[in-house]
């Protein structure tokens, strides 16, 4: 018996909407139906708050916990994803202040897969954090967590977590679209999961902004499907949307049409400068809107900060280097030298087992000078690079918060960096940022949209930041005195 559950989450209450994701789940369902392989396929792309999705997941796998004939169990997810000690797949009500209860953890997915004892477990994760990914979460941590399955035969395929460029259209994500095309690429015979991975790798080889990630723990001969007549029909239907070959004059005309579309995105520099200036004025005039926060805090604005001075600047610079921001935006990465302790002879004449298990002392190591990203610098000036909004209280016992809003831009788009930072008390009058809690995130917008509405620069960042501060204030209430949950509300 083969079972599959597909999750596509398009609507988010606090994150950017991802219109393609609900369609992704349905398109994958059509593929699995066409394969005629799966005995039970469940699609979740409506009612996608965390409690609802978790209930559906648990009920689905509970049906098969006593089965002894599960050949394959497949889980597919399309939506936002973050990393906070584990890979988390965000549901519609995802809240960074309550990440565990408003998302599905990778660990829980693995537990569900193990509960039905499949011969082969498959996870397909299209977690493109379109519009609002956390910078730290695009690091190897997410991929490493996805790979730590502890399943006998396990296959994981994950898209890179990028901004809107990872989407091919409003109705299908690039990774999912290419995954389906890869599964349909054979005209006859057997389609192995390895075949799909190879086709995906080729499909993204010319796109440095998105590199799929694969994990395989098995024989390498796991079969996705034998090609069916229904798969051939689906392939023909999808191929109709592909442009046929055209003569050069027709190709040139198509290029002109695309260039015209791109040209429409350009905004005169003076309009950009004016929009940033208006955004600065609006930010200065902004009054705290969260009522509980307003009762205890007042705000103060500073806009003379540079990108190089933001908290965890090196983590942001690291991420910028990985994502090749200098090729896309008006920034450069400043590097620094550091001393690293390395083995004198890491690959020398000793055998591998000897190198792995030999006892070493200080004489086996030397200090080596290496280079790493240190911070970002803007190469094109704007009225401000970084705004720091400080939230201070007249109550000395309350923590001070700072919301940072940074601007990285190109000719047609602007990327807003944002983070909420709590300052820890290090003395009577000394405070320093709690860097372990800082999570930078980025959201991309067209300059044309910012010119129309300069509040885009700061509004969403302050709403999220004030929600974080409120969560801190509510955490001070003793549990016995906490507000009672509304009747009927689900709790995890």
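The values are calculated or read from the model by the stated rules, or taken from the named source; none is laboratory data. As the structure is a computational prediction, the values presented were derived from the model and not from experiment. Positions of Cβ are backbone-derived with ideal geometry, glycine not excepted, and every protein chain shown enters the neighbour counts.
Among the residues of segment 409-440, how many are at pLDDT 85 or above and in a strand (DSSP E or B)?
So the count comes out to 16.
Tally up the residues in segment 110-153 that are modelled with pLDDT of 90 or more, part of a helix (DSSP H, G or I) and touching a strand residue (DSSP E or B) at 6+ places or on another chain (Cβ under 7 Å), please.
Number satisfying all stated conditions: 1.
For (1) in contact with a helix residue (DSSP H, G or I) (Cβ under 6 Å, 6 or more places away or on another chain); (2) in a helix (DSSP H, G or I), each residue gets a yes or a no:
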site	(1), (2)
5	yes, no
13	no, no
16	no, no
26	no, yes
47	no, no
54	no, yes
73	yes, no
77	no, no
89	no, no
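Looking only at segment 380-408, count every residue that is over 27 Å from the mean Cα position of the chain (by Cα) and either surrounded by fewer than 16 Cβ atoms within 10 Å (Cβ to Cβ) or assigned to a strand (DSSP E or B) (or both) and tell me the total.
10
Of everything in segment 418-438 that's touching a residue at least 60 places away in the same chain (Cβ under 8 Å) and buried (at least 21 other Cβ atoms within 10 Å of the Cβ), which residue is nearest to residue 307 (Cα to Cα)?
From segment 418-438, those touching a residue at least 60 places away in the same chain (Cβ under 8 Å) are 419, 421, 433, 435, 438; that's our starting set.
Subsequent filtering for residues that are buried (at least 21 other Cβ atoms within 10 Å of the Cβ) retains 419, 421.
Working: 419: 13, 421: 15 Å.
Result: 419.
Inspect segment 69-82 for any residue being assigned by TED's automatic domain parsing to the domain that holds residue 122, surrounded by fewer than 23 Cβ atoms within 10 Å (Cβ to Cβ), without any contact (Cβ under 8 Å) to a residue 24 or more places away in the chain and more than 15 Å from residue 109 (Cα to Cα) and give the result as yes or no.
Scanning segment 69-82 turns up no residue that is assigned by TED's automatic domain parsing to the domain that holds residue 122, surrounded by fewer than 23 Cβ atoms within 10 Å (Cβ to Cβ), without any contact (Cβ under 8 Å) to a residue 24 or more places away in the chain and more than 15 Å from residue 109 (Cα to Cα).
Assess whether residue 340 counts as being assigned to a helix (DSSP H, G or I), in contact with a strand residue (DSSP E or B) (Cβ under 7 Å, 6 or more places away or on another chain), under 28 Å from residue 433 (Cα atoms) and modelled with pLDDT under 90. Full working, then the answer.
Values: assigned to a helix (DSSP H, G or I): no; in contact with a strand residue (DSSP E or B) (Cβ under 7 Å, 6 or more places away or on another chain): yes; under 28 Å from residue 433 (Cα atoms): yes; modelled with pLDDT under 90: yes.
Here the answer is no, as residue 340 does not meet what is asked.
Evaluate segment 353-368: report whether one residue or more is modelled with pLDDT of 90 or more and part of a strand (DSSP E or B).
Let us first name the residues in segment 353-368 that are modelled with pLDDT of 90 or more, namely none.
No: zero hits.
Is it the case, given these coordinates, that residue 238 is within 30 Å of residue 3 (Cα to Cα), part of a helix (DSSP H, G or I), modelled with pLDDT under 95 and within 28 Å of the chain's Cα centre (by Cα)? First the steps, then the outcome.
Values: within 30 Å of residue 3 (Cα to Cα): yes; part of a helix (DSSP H, G or I): yes; modelled with pLDDT under 95: yes; within 28 Å of the chain's Cα centre (by Cα): yes.
Yes, satisfied.
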